[in-house]
Amino acid sequence: MKNRILVIEDNVDTRRFLQVMLSREFDVIVAENGLDGIEKAKKEQPDLIVLDVIMPTLNGYDTCKELKTKPETKDIPVIFLSGKNTTEEITFGLSMGADDYLPKPFDHKELLVRIKAHLARKANPGTAPKIKVGPLEIDTVNRTASFNGVIANLTLTEYDILRLLSSRNGVVVSREEIMKEIWRDSAIDTSDRTIDVHVRSLRKKIPEMEEHIQSVYGIGYKYAA
């Protein structure tokens, strides 16, 4: 059974290109704007969403934010495609809850690699059913994280980073290792800033994490219970 991909893109030519290209390996659903995309995401339950940023009516940022607040769509990985490719814009896009950000013009092979990496992570959350470190509990079967019994609303990427760090409690994990473990084949195109944005968002969603997720200057991060 093929994975289902939802493409939300207002440009007719780009939307058609993505539909034809992705249809070689996936079942593809298309939407021409954010409002239509949100409704189709809720109804069709795609495995991943490819989302344009610059759209009329409801832009990609607001569309992503809305998707991540809905229980039925919050766990669907989102990859932004955008002509806005400054560091600040990429940082903002990721802070809206997206799992990845690919600037336009993009290489279709690179997009395929990233899609497959996110689908693989979603399908294989880990081997141990639960990771418990102090008040933090990671459920690798349901891909949830709770702190002091309160479940956090995390993106797939935020969850994976927290799972990786907490599974190595007290051990420094380098940025390079985080990139290879989380982004896999697309790690070469992932920057340190991308990791920092996700960690910052993770700390914001679980304020108690501030003292547990520690930055190690020049190396990476570690989780200290």
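The values are calculated or read from the model by the stated rules, or taken from the named source; none is laboratory data. What you see is a predicted model, and the numbers here were worked out from it, not measured in a lab. When we count neighbours, we look across all protein chains shown, and the Cβ atoms used for this are built from the backbone with ideal geometry, even at glycine. Ligands, DNA and RNA are excluded from the accessible area calculation, which covers all protein heavy atoms including side chains. Shrake-Rupley method; radii C 1.70, N 1.55, O 1.52, S 1.80 Å.
Values as computed for the structure displayed
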{"read-out": "Lone unmet requirement of (1) farther than 30 Å from residue 211 by Cβ; (2) surrounded by fewer than 17 Cβ atoms within 10 Å (Cβ to Cβ); (3) modelled with pLDDT of 85 or more; (4) not basic (Lys, Arg) for residue 81", "value": "(2)"}
{"read-out": "Residue in the stretch 116-131 that is closer than 23 Å to residue 208 by Cβ and among the small types (Gly, Ala, Ser) present", "value": "yes"}
{"read-out": "Among the candidates 193, 203, residue that is open to solvent by 20 Å² or more (accessible area, probe 1.4 Å), among the basic types (Lys, Arg), closer than 20 Å to residue 96 by Cβ and modelled with pLDDT under 85", "value": "193"}
{"read-out": "Any hit, the stretch 208-219, residues being closer than 22 Å to residue 122 by Cβ, in contact with a Leu (Cβ under 7 Å, 6 or more places away or on another chain) and either at pLDDT 75 or above or not small (Gly, Ala, Ser) (or both)", "value": "no"}
{"read-out": "Which listed residue, of 109, 132, 180, is in contact with a helix residue (DSSP H, G or I) (Cβ under 6 Å, 6 or more places away or on another chain) and surrounded by fewer than 16 Cβ atoms within 10 Å (Cβ to Cβ)", "value": "180"}
{"read-out": "Residue under evaluation residue 115, criteria (1) part of a helix (DSSP H, G or I); (2) closer than 19 Å to residue 46 by Cα; (3) open to solvent by 20 Å² or more (accessible area, probe 1.4 Å), criterion not met", "value": "(3)"}
{"read-out": "Selection from the stretch 90-109 of residues that are in contact with a Ser or Thr (Cβ under 7 Å, 6 or more places away or on another chain) and among the acidic types (Asp, Glu)", "value": "99"}
{"read-out": "Top-ranked residue in the stretch 140-177 [being aliphatic (A, V, I, L, M) and part of a strand (DSSP E or B); ranked as most open to solvent (accessible area, probe 1.4 Å)]", "value": "151"}
{"read-out": "Any hit, the stretch 41-51, residues being farther than 27 Å from residue 202 by Cα, out of contact with any Cys (no Cβ under 9 Å at 6 or more places or on another chain) and free of Cβ contacts under 8 Å to residues at least 40 places away in the same chain", "value": "yes"}
{"read-out": "Residue ranges of strands (runs of 3 or more DSSP E) in the stretch 1-104 with at least 3 members within 19 Å of the chain's Cα centre (by Cα) and not aliphatic (A, V, I, L, M)", "value": "100-103"}
{"read-out": "Condition check for residue 88: modelled with pLDDT of 90 or more, open to solvent by 60 Å² or more (accessible area, probe 1.4 Å) and more than 18 Å from residue 15 (Cβ to Cβ)", "value": "no"}
